[in-house]
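Only one structure is covered here, and it is reproduced in the block below.
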Amino acid sequence: MTKETVASYANISIYSAMAVLAVAMILYAVYLAGMVPARVDARSGSPADDVATPQHARKMGGVAGTLTWLGGLLLLLAAVLRGASVNRAPLGNMHEFALVASMFTILLFCVWSLKRDLRWLGVFVVTPVLLVLGMAITAWYTEAAELLPSLKSYWLVIHVVVATFSIALFILGAVITVLYLLADRRQARGVPEGARPSLLDKMPNAQALERMAYGTHIIAFPLWTFTLIAGAIWARQAWGSYWNWDPKETWTFVIWVVYAAYLHARATTTVSRRTANLVAVAGFVCIIINYVVVNQFLVGMHSYSGL
């Protein structure tokens, strides 16, 4: 079997994962739409009585969860095949980074779902992953090839794997943060008597969402800190200097500063939770800029997009 054939199988796995995840997204949406406003447990902020959810909606949510697992495993297969086609870790360009980050996002969501019922979150996680995969297989697609000499190091696996894993956590955190901001705004305004139920009424309350978002970020931030430090160590080996003010290095540090500001604001009693979480959203915007804009349009020592 030629390397080109193996690479083509990787692409087929990506398309298959996208098809499966698209069905899962629809079923998650059906599940969410089929839920009725449930009583909320004051301790957990979760629906107190799942029996209130129509049986067909619960069934759709269960099938969606199974398909999400399948989609995640197909992405894992795609990453393995992509790496096998060039005998290296699939972490050398934007296409591969997007693939691995999407894989981590889906698998993290699936593992988290084993601990608690997250069917209400599924559509909001799967949808952005599908968008990223769509860009990865079209706009960011690059034929499998050998790495540049400066990337041939064991630090590639250490640095980039941790980076993609932390990005997956930041994606989950950003999704939940946005839902919190919407729920908090609705809660602050109050719900007029006789108003039609909102999707936000079918999720955990604002306080529970905020705690979930914070918990996700508190795990992601140390990993991003390690990414920054590991990148500096690798830069010293590859280019002879720990820091070169390269655009990619600079924006990685900017992301670190913004999320550090979020965690500081979150721990400061004089700063509202809403303000702190707006800073977290700004941090994720910086991640998007770092990946989409810096990788493609700012030339530097990290110009490895492959485009």
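Residues in segment 233-254 include at least one that is within 16 Å of Leu169 (Cα to Cα), in contact (Cβ under 8 Å) with a residue 12 or more places away in the chain and surrounded by 15 or more Cβ atoms within 10 Å (Cβ to Cβ). The residues of segment 80-100 that are surrounded by fewer than 22 Cβ atoms within 10 Å (Cβ to Cβ) and part of a helix (DSSP H, G or I), listed by number, are Val80, Leu81, Gly83, Ala84, Val86, Met94.
Results for (1) under 20 Å from the mean Cα position of the chain (by Cα); (2) under 19 Å from Ile167 (Cα atoms); (3) modelled with pLDDT under 95; (4) outside any loop (DSSP other than H, G, I, E, B), shown as yes or no for each residue.
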site	(1), (2), (3), (4)
Phe221	yes, yes, no, yes
Ala230	no, yes, yes, yes
Ser241	no, no, yes, no
Glu249	no, yes, yes, yes
Trp256	yes, yes, no, yes
Thr269	no, no, yes, no
Gly283	yes, yes, no, yes
Ile287	yes, yes, no, yes
Val299	no, no, yes, no
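Of the residues that sit in segment 143-176 and are of a type in the set (Ser, Thr, Tyr) and surrounded by 15 or more Cβ atoms within 10 Å (Cβ to Cβ), which one is nearest to Met212 (Cα to Cα)? Steps first, please.
Of segment 143-176, the ones of a type in the set (Ser, Thr, Tyr) are 150, 153-154, 164, 166.
Right, trim to surrounded by 15 or more Cβ atoms within 10 Å (Cβ to Cβ) and you get 150, 164, 166.
On the way: Ser150: 39, Thr164: 20, Ser166: 16 Å.
For segment 143-176, the residue satisfying everything is Ser166.
So, of the residues in segment 1-19 that are hydroxyl-bearing (Ser, Thr, Tyr) and surrounded by fewer than 13 Cβ atoms within 10 Å (Cβ to Cβ), which turns out to be farthest from Glu143 (Cα to Cα)? Filtering segment 1-19 for residues that are hydroxyl-bearing (Ser, Thr, Tyr) and surrounded by fewer than 13 Cβ atoms within 10 Å (Cβ to Cβ), the one farthest from Glu143 (Cα to Cα) comes out as Thr2.
The values are calculated or read from the model by the stated rules, or taken from the named source; none is laboratory data. In this text the structure is predicted, and so the values were computed from the model without any measurement. With ideal geometry, Cβ positions are generated from the backbone for all residues, glycine too; neighbour counts draw on all protein chains shown.
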